[in-house]
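Report on the structure given below.
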Amino acid sequence: MTAAEVGGWGDPGADPPHEWERTRTRLEEAECALAGLVSENNELRAIVRRVREYGQHLHLMAEEPVTGVYLANTYQGIATALERAIGDRP
């Protein structure tokens, strides 16, 4: 049994040449999948960053002197809910 048959990974020199192409194809597919996951992770980080910035903005709006008590409590509540949703401490 060759390394490609066992798990597809191993010493390519131990495999017959016709297995090299299959192993190379599987490696390229894995690299593409990983690149897609990295891209998706970066997009999710950007979304979390924007939500975090919006929560901070709501906290600042609640502290404005022209904001009434009702609106201040509303802004604080929304900001706290957003922070909890993304895993930040309020």
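When segment 35-54 is examined, which residues are found to be open to solvent by less than 100 Å² (accessible area, probe 1.4 Å), out of contact with any Leu (no Cβ under 8 Å at 6 or more places or on another chain) and among the hydrophobic types (A, V, I, L, M, F, W, C)?
Of everything in segment 35-54, those that are open to solvent by less than 100 Å² (accessible area, probe 1.4 Å), out of contact with any Leu (no Cβ under 8 Å at 6 or more places or on another chain) and among the hydrophobic types (A, V, I, L, M, F, W, C) turn out to be ALA35, VAL38, LEU44, ALA46, ILE47, VAL48.
Go through (1) acidic (Asp, Glu); (2) surrounded by 11 or more Cβ atoms within 10 Å (Cβ to Cβ); (3) modelled with pLDDT of 90 or more for ASP88 and report which single condition fails.
Just one mismatch for ASP88, condition (3).
The values are calculated or read from the model by the stated rules, or taken from the named source; none is laboratory data. None of the values given here were measured: they were computed from a predicted structure. Using ideal geometry, Cβ is built from the backbone for each residue, glycine included, and neighbour counts are taken over all protein chains shown. Surface accessibility is based on the protein's heavy atoms, side chains included, excluding ligands, DNA and RNA. Shrake-Rupley method; radii C 1.70, N 1.55, O 1.52, S 1.80 Å.
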